[in-house]
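Q: Pasting a structure here, questions to come.
The values are calculated or read from the model by the stated rules, or taken from the named source; none is laboratory data. Keep in mind that this is a model prediction, so the values were computed, not measured. We place every Cβ from the backbone using ideal geometry, glycine too, and count neighbours over all the protein chains shown. Ligands, DNA and RNA are stripped out before the accessible areas are found, and what is left, the full protein with its side chains, is counted by its heavy atoms. Shrake-Rupley method; radii C 1.70, N 1.55, O 1.52, S 1.80 Å.
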Amino acid sequence: MNPFVYNAAQGRVVFGHGTIEQTGAEMERLGLNRALVLTTPQQAADGKRLADMLGVKAAGTYATATMHTPLEITEEAMQLAQSLKIDCTIALGGGSTTGLGKAIAYRTDLPQIVIPTTYAGSEMTDILGETKQGLKTTVRDPRILPEVVIYDVDLTLGLPVSLSATSGMNAIAHAVEAVYAKDKNPVISLMSVEGIRALAKALPVIVKSPQDKEARSDALYGAWLCGVALGAISMSLHHKLCHVFGGSFDLPHAETHTVILPHATAFNEGAVPDLLAPVAQALGAKKAGQGLFDLAKSLGAPTRLADIGMKADGLDKAAEIATQAPYWNPRPFTREDIRNVMQSAFDGSRPQ
Ligand code: NAD
C-alpha cells in the first residue's frame with residue numbers, strides 16, 4: 001500500500017425515497033427555525049411546496065438561482081436573507097441552486113441543507129464557483145460544505161432524460177479524475193469506482209424508462225459517491241479543459257463534461273493504464289476512454305464539441321488558455337497534445 005492522506009469531510013447524508021419530508025426534522029436536529037428555500041425559476045413551484053410543507057419553519061422562498069452563481073444574484077438573496085432574519089438556507093435543485101446556498105454560507109456561515117435534484121455532486125464539496133462581471137473564480141472554504149444533504153430519489157424521477165444523461169456523465173468525470181489524482185487515496189478510489197459502476201448501470205435504464213425507481217436510486221447513489229470524490233481530491237486535465245470551455249466559451253456545463261471526458265481519459269490512459277483499469281472494468285469495457293465514449297453515445301448524449309456550440313476557430317485559443325498556467329496531470333502534456341485532445345473532442349471520433 002502506498003502512503004496516503006485521507007480527510008473525511010464532515011456532513012450528514014440522508015438518502016431514500018420521500019426523504020424531503022424529513023427536512024423539518026433535520027432542521028430541528030440542528031436547532032434551526034427560519035429557513036430560506038432557494039430554487040431556480042424552473043423549480044419555483046417545488047420550492048413553494050417545500051415551504052408550505054415546512055410551515056412556520058420556512059421564512060420565505062427565493063427562486064432566482066442562476067447558473068455560475070452571479071454575484072448580483074447572491075447579493076439580492078443575501079438582502080432577502082437579512083430582512084427575513086433567517087437562520088439557514090435550503091437549496092432545492094441542481095448545482096446552480098446549491099451554488100447560491102454555498103455563496104450565502106461562505107459570506108455568513110449560515111448552515112445549509114441541500115436537496116439535490118441532479119447528479120452534479122456540488123452538495124458534497126467545499127468548492128464554490130461564482131461569477132463577477134463575467135469572470136468565474138473558484139474558492140474552497142470549510143464554510144462552503146453543506147451541513148446536511150437530503151437525497152430524495154423521487155425528486156429525480158422528473159429530471160429530463162437528456163440532462164439525466166449529461167449530468168450522470170458529469171458525475172462520472174469527478175470519479176475518473178479521482179482514481180489518478182496526485183492526492184488519490186484508497187478510500188476515495190473505492191468510492192469512485194463504485195460510483196462509476198452504479199451510474200454506468202443505471203443511466204442506460206433511465207434513458208429508456210425515466211421513471212424506473214431502482215435505476216434512479218442507483219444513479220443518485222452513484223452521483224453521491226462521485227460528488228464525495230470531487231470534494232476530496234484535486235482534479236486534473238479533464239476538469240481544467242471543461243473550465244476553459246465553460247468559462248471562456250460559455251459552453252454548457254454537463255454537456256461539456258460529457259464530450260471531453262472520453263478524450264481526456266484516453267489521453268491519460270496512455271500514462272496510467274493500471275489506475276484506469278478498474279474504471280474500464282466498471283464500464284464493462286476494455287479501455288476506460290473508449291468505454292466512456294460508448295456509454296455517452298448509447299445514452300444519446302452529445303459526443304462532439306461542434307454540436308454543443310464550439311466553433312473550430314476557437315480551438316487554438318482554447319488550447320492556449322488551457323496551457324497558460326501549469327497544473328498537475330498524470331501525463332505531462334504540451335500545447336500540441338492539448339490541441340489534439342480538443343480536436344478529437346471537436347470531431348467526436350472514438351478514442352483509439
Ligand atoms: P443546474 O443546477 O443548472 O440545473 C439545470 C436546470 O435543470 C435548471 O433549470 C434546474 O432548475 C433544472 N432541474 C434540476 N433538477 C431538476 C429536476 N429533477 N427536474 C426538472 N428540472 C430540474 O445544472 P447542474 O448541472 O446540476 O449544475 C451546474 C452548475 O453547478 C454549474 O454552474 C457548475 O459549475 C456547478 N457545479 C459546481 C460544483 C462544485 O463543487 N462547486 C460541482 C458540480 C457542478
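Q: In a GNM of the chain with a 10 Å cut-off on Cα contacts, which of Ser234, Ser209, Ser217 has the highest mean-square fluctuation?
A: The residue that fluctuates most here is Ser209.
Q: If you line up the long axis of helix 288-298 against the longest principal axis of the chain, both from Cα atoms, how many degrees apart are they, to the nearest 10?
A: 60 degrees
Q: Once you treat every alpha carbon in segment 254-345 as an equal point and sum by Debye, what is log10 I(q)/I(0) at q = 0.16, 0.22, 0.25 Å⁻¹?
A: Taking Cα atoms of segment 254-345 as identical point scatterers yields -0.68, -1.15, -1.29.
Q: Please report Rg over Rh for the chain, where both radii come from the alpha carbon positions and Rh follows the Kirkwood definition.
A: On the way: Rg = 19.6 Å, Rh = 20.3 Å.
Taking Rh as the inverse mean 1/r over Cα pairs, Rg/Rh reads 0.96.
Q: Let me ask you something else. Take every DSSP beta bridge whose two residues both sit in the chain, then give the antiparallel share in percent to the nearest 5. Provide the component values of the computation, followed by the final result.
A: Details: 6 of 27 bridges.
Counting DSSP beta bridges with both partners in the chain, the antiparallel share is about 20 percent.
Q: What FRET efficiency do you get for Arg29 and Asn7 if R0 is 25 Å and r is their Cβ-Cβ distance, rounded to the nearest 0.05?
A: Numbers: r = 24 Å, r/R0 = 0.96.
The computed FRET efficiency comes out at 0.55.
Q: I want to check the label-to-label distance for Tyr327 and Lys286. Put each point 7 Å from Cα in the C-beta direction and report it in nm to one decimal.
A: According to this spin-label approximation, the distance is 3.2 nm.
Q: Determine the sum of side-chain charges near Ile113: Lys and Arg each +1, Asp and Glu each -1, restricted to other residues whose C-beta is under 9 angstrom from that of Ile113. Don't jump to the answer; show the numbers that get you there.
A: Numbers: positive: none; negative: Glu26, Glu147.
Here the charged neighbours net out to -2.
Q: Where is the GNM fluctuation largest for the chain (alpha-carbon springs, 10 angstrom cutoff): Lys311, Lys136, Lys48?
A: Top of the fluctuation ranking is Lys311.
Q: Semi-axes, largest first, in whole Å: what does sqrt of 5 times each Cα gyration tensor eigenvalue give for segment 12-156?
A: With the √(5λ) rule applied to segment 12-156, the semi-axes are 21, 16, 14 Å.
Q: Here's another thing I want to ask about it. For segment 161-347, what's the relative contact order in percent, using C-alpha pairs closer than 8 Å and at least 6 residues apart?
A: Values: 294 pairs, mean separation 48.1, N = 187.
Across segment 161-347, relative contact order equals 26 percent.
Q: Could you tell me how far the Cα centroid of segment 1-68 sits from the Cα centroid of segment 247-323, in Å?
A: Here the two parts' Cα centres lie 32 Å apart.
Q: Check which residues have an amide H placed less than 5 Å from Gly93's amide H, if you skip close sequence neighbours.
A: Excluding prolines and chain starts, which carry no amide H, the hits are Ile115, Thr117.
Q: Round to a whole number: what % of the accessible area of the chain belongs to carbon and sulfur, probe 1.4 Å? Intermediate values should be presented prior to the final figure.
A: Details: 7890 of 14990 Å².
C and S atoms contribute 53 percent here.
Q: Nearest 0.05, what FRET efficiency do Phe15 and Ser349 give at R0 = 45 Å with Cβ-Cβ as r?
A: So the FRET efficiency works out to roughly 0.70.
Q: Let me ask something else. Between Leu157 and Val187, what is the spin-label point distance in nm, taking each point 7 Å from the Cα along the Cα→C-beta axis?
A: In this crude spin-label approximation the distance works out to 3.5 nm.
Q: Can you work out the base-10 log of I(q)/I(0) for segment 161-347 at q = 0.08, 0.14, 0.18 1/Å, using the Debye formula on its C-alpha atoms alone?
A: Here the Debye-derived log intensity ratios amount to -0.22, -0.69, -1.16.
Q: On average over all directions, what projected area in square nanometres does segment 104-188 have, based on the convex hull of its Cα atoms? Numbers along the way, then the final one.
A: Working: hull surface 29.5 nm².
If you wrap the Cα atoms of segment 104-188 in a convex hull and average its projections, you get 7.4 nm².
Q: Grab the Cα-Cα distance for Arg49 and Arg304, subtract it from 0.36 nm times how many residues apart they are, and report the gain in nm with one decimal.
A: Working: separation 255, 0.36 × 255 = 91.80 nm, distance 3.88 nm.
That pair, Arg49 and Arg304, stretches by 87.9 nm at full extension.
Q: Here's another thing I want to ask about it. What are the lysines whose alpha-carbon lies under 22 Å from the alpha-carbon of Lys286, with same-chain residues fewer than 8 places away excluded?
A: Straight-distance partners of Lys286: Lys201, Lys297.
Q: Hey, what did the chain get for relative contact order, percent, Cα under 8 Å, at least 6 apart? Display every interim value, and only then the final one.
A: Numbers: 690 pairs, mean separation 50.9, N = 352.
The normalised contact order for the chain reaches 14 percent.
Q: While we're here: Which of these, Gln290, Gln281, Gln133, has the largest mean-square fluctuation under a Gaussian network model of the chain (Cα springs below 10 Å)?
A: It is Gln133.
Q: Return a whole-number percent for the relative contact order of segment 12-156, with Cα pairs under 8 Å and 6 or more residues apart as the contact set.
A: Working: 306 pairs, mean separation 40.7, N = 145.
This gives 28 percent for segment 12-156.
Q: With each label point set 7 Å from Cα along the Cα-Cβ vector, what nm distance links Thr334 and Gln79?
A: Distance between label points: 5.4 nm.
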